[in-house]
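The block underneath contains the structure these notes are about, expressed in structure tokens.
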Amino acid sequence: MLRVPSFVALLLAASGAACGPQDCAENDAVWAGDAEAFFADYCLECHSSALAGEDRQDAPEGVDFDTYALLAAQDLEGVATQIELGYMPSADAAASPTPDERDRVVTWLRCGAKEE
């Protein structure tokens, strides 16, 4: 996964990129049936624990999203930022989420990433 330069992360934080209470109250997404589908559709091509070496297409070993537990072990704000800025999925991925799909999963990640 690409890393966001720290100054970009600071700019996002200063601009209020984090979700607010209303965003969280309106976001009813949960892992099963919502976020899980996003990660399956757009991330597991590279970020699957079943992949190794070149099959990961430069995704770091251990940065896997096949299960809620594997995702929850990651830096969720970092994952949200990568998705929000369009760094992930990468430009050469087989599929790309719509802006609405990106917004929904980013809000889910920033509002506590509820499992159920």
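Derivation of every value follows stated rules applied to the coordinates shown; laboratory data play no part. Since this is a predicted model, take the numbers as computed values, not measurements. Note that we place each Cβ from the backbone using ideal geometry, even for glycine, and neighbour counts take in every protein chain shown.
Below 8 Å, C-alpha to C-alpha, sequence gap of six or more: please give me the relative contact order for the stretch 19-110 in percent.
36 percent
Using packing as a proxy for protection, rank 40-52, 95-107, 78-90 so that the peptide with the highest average count of other Cβ atoms within 10 Å comes first.
Working: 40-52: 17.3, 95-107: 15.5, 78-90: 18.8.
Highest-to-lowest ranking by the protection proxy: 78-90, 40-52, 95-107.
For the charge dipole of the stretch 52-96, defined by +1 on Lys and Arg C-beta atoms and -1 on Asp and Glu C-beta atoms about the Cα centroid, which residue among 80, 63, 94 has the Cα displaced farthest towards the positive pole?
80
Go ahead and run the numbers for FRET between residue 50 and residue 76, Cβ-Cβ distance against an R0 of 22 Å, rounding to 0.05.
E(calc), rounded to 0.05, equals 0.50.
Indicate the gyration tensor shape class of the stretch 19-110 (rounded, prolate or oblate), computed on the Cα atoms with a ≥ b ≥ c the square roots of the eigenvalues: a/c under 1.5 is rounded; otherwise a/b larger than b/c is prolate and the rest oblate. Write down the numbers at each step before the final one.
Working: a/c = 1.96, a/b = 1.63, b/c = 1.21.
In terms of gyration-tensor shape, prolate.
Which value in nm describes the separation of the simple spin-label points at residue 28 and residue 115, placed 7 Å from the Cα toward the beta carbon?
2.2 nm
Let me check I've understood the local charge: for residue 30, count other residues with C-beta under 10 angstrom from its C-beta, Lys and Arg +1, Asp and Glu -1. What total comes out? Before the final figure, lay out each step's value.
Working: positive: 114; negative: 28, 34, 36, 115, 116.
Summing Lys/Arg as +1 and Asp/Glu as -1 gives -4.
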